[in-house]
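Where a number appears in this text, it was derived from the coordinates with a stated rule and is not lab data. Nothing here was measured: the structure is a model prediction, and the numbers come from that model. Reconstructed Cβ throughout: ideal geometry from the backbone, glycine too, with neighbour counts over all protein chains shown.
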Amino acid sequence: MRKGMIFVVVCMAMGLISTPSAWSKTKPIKIGINAPITGDIPKVGEGTKFAAQMWLEDVMADGGLTIGGKKYPVELVIEDNEAKAESAVKVATKMITEDEILVMVGPQASKQAVPAGEVANNYKTPMISPWSTNPDTTKERPYVFRACFLDPFQGPVIANFIKEEFNFKKAAVLYDVASDYPKGLAEFFKKAWEDLNGPGSVVAFESFTTKDTDFSSQLTKIKQSGAEFIFTPQYYNEVALIVQQAHELGFKAPIVGSDSWGSAETVKLCGKDCYGLFFSTHYAAAGAKGETKKFIDRYKEKHGYVPDDVAALTWDAMRLVETALVNCGKITGKIEKDRQCLRDALAKVKDFNGITGKMTFTEEGDPIKCAVVVRISEKGEFEFYKSVCP
Amino acid sequence: MEKKKFKMKRTNASQAPVPVRRKGLMRRWFSGIPLLGWFSGILVAVLLEHFLGDALTEVLGLPKIPVLFGFVTMLKKPALMPGSLVFIVLVYLIPVAVTARLGASAANAVAARLIRRSVGLSAGIHLLLLYACLHIWADVSAYRVLTLKLTLIAVMLTLSLNVINGYMGEFSCSHPGFMAVGAYVCSVFTVGLFVNDRIFGQALLPPFLAPYFFPVALILGGSAAAAAALFVAIPSFRTRGDYLAIISLAFMFIVKSVIENLEIIGGPRGLGSQPDLAGLPAVFVWTVLCVWIINNFVRSTLGKALNAVRDDELAAEAMTVNTRRTKMTAFLFAAFWAGVAGGLFAHVLRYVNPGTFGIQRLAEVLAMVYFGGLNSVYGSILGAVGLNLLGEALRPLELFKWILIPLLLILVMIFRPKGLIAFKEFDPKRVLMPRFRSE
């Protein structure tokens, strides 16, 4: 009992002593990072965290952000949303009301970004989701932005590319019916392809469910349908299985993918089977130039692997925040006013030069930007092949 | 049971020499305080925080009032630890202890008078006081409101699963499925009626009617979940144990798949834009209703029949317990409350997607039930509140959180295999009674 009392008294004394030091400095600008550090997709959370921290290093090396001729220190509030919708909402609420962040970057996956966007919009706090492709994330939410292109854009990009490159007529699609992103993209692709080649040109539209590992029945059907290529907008673990199984069944035609292929793991798991295949994505790591290359080299040196698209998009989101803050001109210290100013500046961003391409925001908060078609080279690298703009 | 009691006595005796004196002092100091006394103590503390919290944080150099008893602040910024501790001691510990102690005799007198008047009145006043405490506490920050709402929903969910897994002793894994059915039916009802939506078209009724229809929506969601529970209840007549677990697990996956393939309610994209109806009062009222009704249910004859079925189904049947009816009732009843919890959950988040109701949710609910204690209302409340707050408080630890919490569960399973407070009856009358000093 007495020990406890002494402890409490000591704590009180320390609390009182350590008080005044925090007051003299300028209040830092706080940026919230709402990332899935644990849960289903920890690699995504890691990429987000690393990219954001790299950006912070740059800023702090300059001694802070210069806004309207005054330097402001920057602080990141990184929180884990466990890849769960309700945790993402909790984290967003906490950051906005407790930590009083100026802007939130993330969440990444749509199932967290849609409900978290609602929170951000209600509290009139700008939010940029680097990776969420669901239209609902930004729809009718003036305070919510994203840094990636949407599925309705990516579908036609791939269809056009294949038409021009190979002049194929018959397509097959294999996708996960239970997952939001592949399903949406598969449908957009189908529509685009049929617009190009007439109805019935998608000869096989096969689906499976998340965590399936045997695709032989679907692939046999596809093979018998006489399709000239397969489009499969799946994640890296399934891509490897699909490609390998297709080759085992003797399917020799190309297999084409989407931005979900753009993980370092794809080639690791898939090996030689994936060499020479194409997919559309946000940026290409091999053969990158200028700022993009600088980012990749730095990231690789620091963390030991080539950053995937999440990291690159997060980096762009952070740079967008920086640009908007500088454009905003001044920080008043009144959080509502600054958030409003930042949102207006973000909405006005034009021709922003990101490492994933030039961006201009539309009314909805979605960027107009180019997609990149990547070829997996014989060395297993993601090689820039072609840039496709809207 | 006999054996367990004996064991507990022995451990108490063997630990006796050192801690007993301190415990004795604390116990003497805090004995004889009725629930009413504690509640008024907490009320004083939250009022203090509400009015003086900001001034105190300024003096202590804290950026804001420590939101979850200082846990988050301390883990994120260890430098602020002394300040947070002082805050907790000054605002919570001392006021609660002092008010509860000094007001004990007055509180006892009031409690005695209330309980003599009627138990219902006494319970009502206690609940009002509890709500006042929660409301004032949560009023400080929107984050507290959200955490509190989700915690209360978790209490409902845990308690309803306890009816099947604890009281009836079947291992059912279908709870996320029931919750999903409730969440979706309730959302479709409110979104269809009150929101201009691209799926269901124009709102059919003006939005000001929405709060009045919300209970209807929740009951509808609960009933739909109960109807869906037939798919698990009927097989449970013939199967037990592992087999029922598999069937109920299959049910959960079926529900998830069905929703994923129903394009009209959003498919895997999920369903959003529910009207903002689940405020703290609504969630609190439904949770109280849930606890009250489930507690009455498990203390009724039918509830005792559940225990009979758990202990020995054949013997129960021989002793004229209608096992089929019992199982059917238990499943439908538990599913109803899971459905209501799902409906509230959907309206708190204002977005649902089928991925939310998967195996991870199942693991969470099961953990809360087994951590808190089987066959006990206290246990369910403790389990849900404990794991929820712990999960929230340890969030800054990121990966280590997932080591600490499972470790805690393992320790609980080793030292208290049936959960923290298992097999304890919740008798409202006894809880509300005045207490007199022991010793």
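Output ³J(HN,Hα) for region B:78-90: one whole-Hz value per residue in order, computed from phi by the Karplus curve 6.51 cos²θ - 1.76 cosθ + 1.60 with θ = phi - 60°, and x for Gly and Pro.
Whole-Hz 3J(HN,Hα) from phi for region B:78-90: x, 5, 8, 4, x, x, 5, 4, 4, 4, 4, 5, 5.
For region B:231-241, just list the computed ³J(HN,Hα) in residue order, Karplus coefficients 6.51, -1.76 and 1.60, θ = phi - 60°, integers in Hz, with x standing in for Gly and Pro.
5, 9, 5, 5, x, 5, 4, 10, 10, 9, x
How charged is the neighbourhood of B:Leu302? Take every other residue with its Cβ under 12 Å from the Cβ of B:Leu302, and add Lys/Arg as +1 and Asp/Glu as -1.
Around B:Leu302, the surrounding residues sum to +4.
I want to verify a result. In a Gaussian network model of chain A, Cα cutoff 10 Å, which of these has the top mean-square fluctuation: A:Leu320, A:Leu342, A:Leu241?
Largest GNM mean-square fluctuation: A:Leu241.
What number, in percent, do you get for the relative contact order of chain B if the mean sequence gap of Cα pairs under 8 Å and at least 6 apart is divided by its residue count?
25 percent
Just to be sure I understand: with springs between alpha-carbon atoms less than 10 Å apart, which residue in A:Gly357, A:Gly39, A:Gly290 has the highest mean-square fluctuation in the Gaussian network model of chain A?
A:Gly290
With a ≥ b ≥ c taken as the square roots of the eigenvalues of the C-alpha gyration tensor of the protein assembly as shown, please select rounded if a/c is under 1.5 and otherwise prolate if a/b is larger than b/c or oblate if it is not?
oblate
With only Lys, Arg, Asp and Glu charged, each at its Cβ (+1 for the first two, -1 for the last two), find how big the charge dipole of chain B is about the Cα centre; round to the nearest 20 debye.
The calculation lands at about 1780 debye.
Looking only at B:Glu260, B:Glu317, B:Glu398, which one moves most when chain B is put into a Gaussian network model with springs between Cα atoms under 10 Å?
In the Gaussian network model the winner is B:Glu398.
Using only the alpha carbons, work out the radius of gyration and Dmax of region A:154-227 in angstrom.
12.3, 34
Between rounded, prolate and oblate, where does region A:151-281 land on the alpha carbon gyration tensor, with a ≥ b ≥ c its root eigenvalues, rounded for a/c under 1.5, else prolate if a/b exceeds b/c?
Rounded shape, in that the Cα axes give a/c under 1.5.
Averaged over every viewing direction, what's the projected area of the C-alpha convex hull for region B:200-354? Give it in nm², one decimal, please.
Reported value for the Cα convex hull: 10.5 nm².
Can you show me the helix-derived [θ] at 222 nm for chain B, built from DSSP H runs with n ≥ 4 at -39,500 (n - 2.57) apiece and divided by the number of residues, rounded to the nearest 500.
Counting only the DSSP helices, I get -23000 deg cm²/dmol.
Report the full-extension gain for the segment A:Lys330 to A:Glu165: residue separation times 0.36 nm, less the Cα-Cα distance, to one decimal in nm.
54.5 nm
For region B:142-431, taking Cα atoms only, what is the radius of gyration to one decimal and the Dmax to the nearest whole Å?
Using the Cα atoms of region B:142-431, the pair Rg, Dmax is 18.8, 58 Å.
Please go through region A:62-148 and write out the GluC sites (Glu not before Pro) that DSSP classes as loop and that have at most 11 other C-beta atoms within 10 Å.
A:Glu140
Here is the link list: A:Lys90/A:Lys111; A:Lys27/A:Lys293; B:Lys149/B:Lys401; A:Lys252/A:Lys379; A:Lys139/A:Lys350; B:Lys77/B:Lys149. Which ones come out longer than 24 Å on Cα distance?
A:Lys27/A:Lys293; B:Lys77/B:Lys149
Taking H as built 1.01 Å from N, whose amide H comes closer than 5 Å to the amide H of A:Phe231, not counting residues under 5 places away?
A:Ala172, A:Val173, A:Leu174, A:Val256
What longest region of chain B stays clear of trypsin sites (Lys or Arg not before Pro) that DSSP places outside H, G, I, E and B and that have at most 10 other Cβ atoms within 10 Å?
Within chain B, the longest run free of exposed trypsin sites (Lys or Arg not before Pro) spans B:239-439.
Which value does Rg/Rh take for chain A over its C-alpha atoms, Rh per Kirkwood?
On the Cα set of chain A, Rg over Rh gives 1.04.
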